[in-house]
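Colleague: Okay, handing you the structure first.
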Amino acid sequence: MSFLQQKRSIEDIWPIYNKTFLVRVDFNVPIRNGAIASKSKDARIRAAIPTIRRITDAGGKAVLMSHMGRPTGHKYGALGTSAEKRRRYIRIWTEEKGVGYT
């Protein structure tokens, strides 16, 4: 017996009308001067279009969630090296107040 539930798709949820869906999309594509850097790199965006259309055509709302690039900033592995570093990093993260450096 498995404790994991099978992944649900848009086809499993009816009716879609007037519901809001959080859709995790992979829009992490290279952008240069405000445009996608290479035409072949837009396949990730094109792959999400059928799901987004299915939701909106049936009267639902799609909230898209993505990210751009890899996180930069502090090294999370440094937390395990010493208590002093741990205290310092926690202080820095607390002072950042969500500005996105970590």
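The values are calculated or read from the model by the stated rules, or taken from the named source; none is laboratory data. For clarity, every value in this text was computed on a predicted model and none was experimentally measured. Here the Cβ positions follow ideal geometry from the backbone for every residue, glycine too, while neighbour counts run over all protein chains shown. These accessible areas exclude ligands, DNA and RNA; they are computed on the full protein's heavy atoms, side chains included. Shrake-Rupley method; radii C 1.70, N 1.55, O 1.52, S 1.80 Å.
Colleague: Could you derive backbone 3J(HN,Hα) for the stretch 4-16 from the dihedral phi with the Karplus parameters 6.51, -1.76 and 1.60 (θ = phi - 60°), listing whole Hz in sequence and x where the residue is Gly or Pro?
Modeller: Calculated HN-Hα couplings, in order: 8, 8, 5, 5, 8, 10, 4, 5, 7, 10, 9, x, 8 Hz.
Colleague: R0 = 35 Å: FRET efficiency of R54 with R91, Cβ-based, nearest 0.05?
Modeller: Numbers: r = 47 Å, r/R0 = 1.33.
With R0 = 35 Å, the Cβ-Cβ based efficiency is 0.15.
Colleague: While we're looking at this one, here's another question. Counting only heavy atoms of the protein chains, get the accessible area per residue of the stretch 1-69 (1.4 Å probe) and round it to a whole Å² value. Before the final figure, lay out each step's value.
Modeller: Values: 5700 Å² over 69 residues.
Averaged over the residues of the stretch 1-69, the accessible area is 83 Å².
Colleague: Here is a follow-up. Please list, in chain and number order, the residues 5+ apart from F21 or on another chain whose amide H is under 5 Å from its amide H, with Hs placed from the backbone.
Modeller: It is K61, A62, V63, by chain and number.
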